[in-house]
Amino acid sequence: MSTGVTVALLGQPNSGKSTLFNALTGLRQHVGNWPGKTVEKKEGSFVHKGKEYRVADLPGSYSLSANSDEEVITRDYIASGEADVVCILADSSQLQRSLFMLADYAGIDVPCFLLLNMSDVAAEQGKKIDAKAIGEKLGIPVIPFSATDKKSYDVFYDALEAVIKDKGLLNVDKLTQQYESIIGYREIYDLIPENVIPGYSAMWIAVKALENDKVVMAKLRAALDDNAYSQIEEAKKNAQGAVATGGCKFAWIDDVLEKAVDAGDKKISLSFLDKIYTSRIWGKPAVILTVLLGLIASFIPAIPLMIVGSLILAVKAPVMGVLTSIGCPEILTLIIGDVVIQSFSYIFKMLGFVFGVTLVFGLLEEVGVMARISYVFDNTMGKLGLQGKSVMPFLVSFGCTMGGAAGARVIDNWGQKVLTIALAWAVPCGAAWATIPMLSTIFFGPGAVLVIVAVLLTMLLHMWITAKIFGAKLVKKEDRYGMIMELPPYHKPKWGALFRYVFGRTKETFIRVTKVILLVCGVFWLLSYSPSGDNGGILYTIGVAIEPVTKIFGMPWQLFLSYVASAVGKEGAIGVISALYNGNSYSSGFMDAMNGAARAENLNELLLANVTKPEALAFIFAMTFNMPCVVALAATYQETHSAKWTSIIVTYYTAVSLILAFLAYHIGLLIW
Amino acid sequence: MIEKEGEQFMDKLLKLLSDGRARTIEMLAAELDTSASDVARKLEYLEIIGVIRRVSFQNGNCKGCTGCSGKGKKDAAPCKGCIPDEGFKNMGVMWEVV
């Protein structure tokens, strides 16, 4: 019975094997599994000039290593002799890369021919490939092919028939020459007896042994005596393994393709922006400028919501008036006005900044600028004692410090991980972006931008100093590796996805922040409530008592308590301010309002009346550089597994924030 | 000598990757006097054999965060509250030596 000829299709993923297989076999195919494995087995048949051919579509893989079932099945199938001919497919548009499979196949002595598939794509790219020259170097038929083009099939069938007739093998002389230069190759090669693993040449086995192929090593172990096997192990020790063999394969591929491929790589020219960003001199200033511009831009979307917040505040007195006139109980009216409406006015003002910052930085990331920023700061990371990839947790910390702590999981070295998290605390998080610019605007008006810039510069200085202090204990300089980055191309932002992300974060922030502020404001309001209308309540008594101490740091007691509340969460500070800076007293504020005076509801003026600019500056700095929030504290403990370092970090940040408040206050006194 | 070239190149590449400086693929290509696609295919190979690896940024499962779909799960999807859906897509690819 004529068994026909079996053709095996071999190639990397996406080299077009399936297209070819389907074109050849049509409906005459069936899919099953390789015995005992979950790997798909596709077989089919076709008839050409009256002869029947069987085709096996082997699984696609990068090469023929022992790293996966697919690869081992593929190479064993070929070596077993089941296939009379192997048809190797390569992607013509990236021959340098896709011929690696051929290079790894070299040494398996089954007749083969090479299809330079996707030749139409290569032609579109302007590449000219001399298949004949390649064929001469390889000693096998090499044909340009396009699996979707009917006309290329004539040449395919011709080549197939030629190989079946000649049984020509791949010429591996040049490749073997390459391998000879590897330390250990010769020794191992000499120790391998002929046909020790049927179907594979000694050259192939020696190379796989060098690469520490576990299947090959196991077979050698079984087939050789102990002495020979241990000599092979010894020879391997001094070799560079797969790195060296890979180098040889690539060099061979380049030799084969030399002069046979035209219009290959144009010298990549960096886009204008990238020339700046990756330049040693201009990179950092460019990034800093980008970030500053981004910050200023983020103030713009904040303005409408600031107005909304002020409008909400403006309705406070009228609403309270209405409630009183309909006989609403006083305490309820007060709560609705002083706690609820007041707090919501703040909440909306904050949201503007959340929206603005998220939008601007989301946009920078979408376009690809963030990648450049992280690249530029790699060696700054190095100076801080960190790996370049630490920049990722820092970027996430802009959103949430807890996320930054979790993000530090990319860092394997424990000391660097702790240092990264310790530094991430200084990065203003989403809540800080919501509260600090808003408060700055209330205290300083348009000057808020300068205050934010000062805060950011202080942040950089803070991180530098913190890295020096903590780095000495946590990190050794030697653990530093280079980073390779493939910068993504710049591209137009996907506005839909971006806005969904921005709205999503703003909404989540709104929900979380509302709960916190209402709660904190309510609690503090109650503690400061005094029925007589004068400043009273428990809180006032405590506050006035501690004021001498708080004044050292430049803050009146109300701001100091807000600062303390900010340790729980930055929005908590707003809740406290909302409660304590409510008006001199209920009754006088109410009377003013009834008399139509708009002044009483305008919190800006109330705050300004009660707080001096140096005090405000001290407060802003204290609050920004305090610990981010209790959740960040918990996350830090969770990620570092060290109560000791967590408490060191907390204590350090609290102390530094008070020192900064002190300094800011005195500098403020000099200015104003 | 063509025989030595293959091995030497990979050596040089690995040395550059271990000296503590960041480089883009274009810069590596310039320093090794070759093309970016040559560097890219060799990086791919080094990654496959496990000499270098991609920095994969996993985030999620932060206790207390309400935005995460993966509370308590080990391989949680990135937390939507912290980073965009499906993580940062435009940060390029970072490799480091294992």
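What follows draws every value from the coordinates through simple rules; no lab data is involved. The structure displayed is predicted, hence computed values, not measured ones. With ideal geometry, Cβ positions are generated from the backbone for all residues, glycine too; neighbour counts draw on all protein chains shown.
Between A:GLN125 and A:ASP255, what FRET efficiency follows from the Cβ-Cβ distance if R0 is 30 Å, with the result rounded to 0.05?
Computed FRET efficiency for A:GLN125 and A:ASP255 comes out at 0.85.
Please compute the net charge surrounding A:GLY522, taking Lys and Arg as +1 and Asp and Glu as -1 over other residues with Cβ under 13 Å from its Cβ.
That sum, taken over residues with Cβ under 13 Å, equals 0.
Have a look at the DSSP beta bridges in segment A:1-57 and tell me what percent are antiparallel, nearest 5.
70
Using Cα pairs under 8 angstrom and six or more residues apart, how large is the relative contact order of segment A:24-76, in percent?
Value for segment A:24-76: 25 percent.
Taking the beta-carbon count within 10 Å as an exposure proxy, list A:CYS429, A:CYS400 from fewest neighbours to most.
With the fewest neighbours first, A:CYS429, A:CYS400 line up as A:CYS429, A:CYS400.
Write down Rg/Rh for chain A, rounded to two decimals, with Rg from the C-alpha atoms and Rh from the Kirkwood relation over Cα pairs.
1.17
Compute the length gained on full extension between A:LYS219 and A:VAL47: take 0.36 nm times their separation in residues and subtract their Cα-Cα distance, giving the result in nm to one decimal.
Roughly 58.1 nm would be gained on extension.
Among all stretches of chain A without exposed GluC sites (Glu not before Pro) (DSSP loop, at most 10 other Cβ atoms within 10 Å), which one is longest?
By the stated rule (loop sites, at most 10 other Cβ atoms within 10 Å), A:195-477.
Can you compute the FRET efficiency between A:ASN195 and B:VAL98 using 1/(1 + (r/R0)^6), with r the Cβ-Cβ distance and R0 = 35 Å? Round to the nearest 0.05.
Taking R0 as 35 Å, the efficiency between A:ASN195 and B:VAL98 is 0.45.
Treating the angle as unsigned and between 0 and 90°, give the value, to the nearest 10°, between the Cα long axis of helix A:613-625 and the longest Cα principal axis of chain A.
30
Nearest 0.05, what FRET efficiency do A:ASP262 and A:LEU526 give at R0 = 60 Å with Cβ-Cβ as r?
0.15
Give me the inter-chain shielding for A:367-377: mean count of other chain Cβ atoms within 10 Å, whole number please.
Across the residues of A:367-377, the mean count of other-chain Cβ atoms within 10 Å is 3.
Out of all DSSP beta bridges in chain A, what portion is antiparallel? Express it as a percent rounded to 5.
Of all bridge pairs located within chain A, approximately 45 percent are antiparallel.
With labels modelled as points extended 7 Å from the Cα through the Cβ direction, what inter-label distance (nm, one decimal) is found for A:VAL630 paired with A:VAL544?
Here the modelled spin labels are 3.0 nm apart.
Could you please state, rounded to a whole Å, how far the C-alpha centre of segment A:51-86 is from the C-alpha centre of segment A:292-307?
Here the two parts' Cα centres lie 61 Å apart.
When Lys and Arg each count +1 and Asp and Glu each count -1, what net charge do the other residues less than 15 Å away from A:HIS666, Cβ to Cβ, add up to?
Computed value for this residue: +1.
For A:LYS150, go through the lysines and keep the ones whose alpha-carbon is under 30 Å away, minus same-chain ones fewer than eight residues off.
A:LYS150 reaches A:LYS17, A:LYS41, A:LYS42, A:LYS49, A:LYS51, A:LYS127, A:LYS128, A:LYS132, A:LYS137, A:LYS165, A:LYS167, A:LYS259.
How high is the relative contact order of segment A:374-451? Use alpha-carbon pairs under 8 Å, at least six apart in sequence, and give a whole percent.
23
Taking only Cα atoms, what is the 0 to 90° angle, nearest 10, from helix A:342-367's long axis to the longest principal axis of chain A?
That helix lies at roughly 20 degrees to the long axis.
Helix-derived [θ] at 222 nm for chain A: sum -39500 (n - 2.57) over DSSP H runs of at least 4, divide by residue count, nearest 500?
Estimated from H runs of four or more residues: -19500 deg cm²/dmol.
Which whole number gives the average, over all residues in B:33-39, of C-beta atoms from other chains lying within 10 Å of the residue C-beta?
4
I'd like the distance between the alpha-carbon centres of segment A:392-429 and segment A:438-512, rounded to an integer number of Å.
Measuring centre to centre over Cα atoms gives 11 Å.
Please state the relative contact order of chain A as a whole percent: Cα pairs under 8 Å, 6+ residues apart?
With pairs under 8 Å counted, the relative contact order is 9 percent.
Would you list A:LEU273, A:LEU359, A:LEU58, A:LEU295 from fewest to most Cβ contacts within 10 Å?
Ascending Cβ contact count within 10 Å gives the list A:LEU273, A:LEU295, A:LEU359, A:LEU58.
List the trypsin sites (Lys or Arg not before Pro) in segment A:22-106 that DSSP assigns to loop (not H, G, I, E or B) and whose Cβ has at most 16 other Cβ atoms within 10 Å. Which are they?
Listed in order of number, the matching sites are A:ARG28, A:LYS37, A:LYS49.
Shielding of A:389-402 by partners, i.e. mean partner chain Cβ atoms within 10 Å per residue?
Per residue, the number of nearby Cβ atoms from other chains is 4 on average.
Give me the dipole magnitude in Debye, nearest 20, for segment A:1-122 about the Cα centre, with unit charges on the beta carbon: positive for Lys and Arg, negative for Asp and Glu.
320
Provide the per-residue ³J(HN,Hα) series for segment A:238-247, in order, calculated from phi with Karplus coefficients 6.51, -1.76, 1.60 and θ = phi - 60°, each as a whole number of Hz, with x at glycine and proline positions.
Listing the rounded values in order: 8, 8, 9, x, 5, 5, 5, 5, x, x Hz.
Using a cut-off of 15 Å between beta-carbons, work out the net charge of the residues near A:TYR229 (Lys and Arg +1, Asp and Glu -1, A:TYR229 not included).
-1
Hey, rough spin-label estimate for A:HIS30 and A:LYS167, points 7 angstrom out along Cα→Cβ, what's it come to in nanometres?
3.0
Pull out the extension gain between A:ILE281 and A:ILE469, defined as 0.36 nm times the separation in residues minus the alpha carbon to alpha carbon distance; nm, one decimal.
Between A:ILE281 and A:ILE469, full extension yields 64.9 nm more.
Please arrange A:TRP34, A:TRP282 by how many other C-beta atoms lie within 10 Å of their C-beta, fewest to most.
Ranking A:TRP34, A:TRP282 by Cβ neighbours within 10 Å, fewest first, gives A:TRP282, A:TRP34.
Using a basic spin-label model with each label point 7 Å from the Cα along Cα→Cβ, how many nm lie between A:VAL308 and A:GLU82?
Placing both labels 7 Å along Cα→Cβ, they lie 6.6 nm apart.
Taking chain A as the reference, fit the longest principal axis to its C-alpha atoms, fit the long axis of helix A:152-166 to the helix C-alpha atoms, and give the angle between the two in degrees, 0 to 90, nearest 10.
So the helix axis and the longest Cα principal axis differ by about 50 degrees.
How do the peptides A:143-150, A:392-399, A:8-15 rank, highest first, by the average count of neighbouring beta carbon atoms within 10 Å per residue?
A:392-399, A:8-15, A:143-150
Pick out, in residue order, every one of the trypsin sites (Lys or Arg not before Pro) in segment A:471-526 that is DSSP loop and has at most 15 other C-beta atoms within 10 Å; say none if there are none.
A:LYS476, A:LYS477, A:LYS494
From the residues A:LEU580, A:ILE182, A:ALA202, which one has its Cα farthest along the dipole of the protein assembly as shown in the positive direction, the dipole being from +1 and -1 charges on Cβ of Lys/Arg and Asp/Glu about the Cα centre?
Result: A:LEU580, furthest along the dipole toward the positive end.
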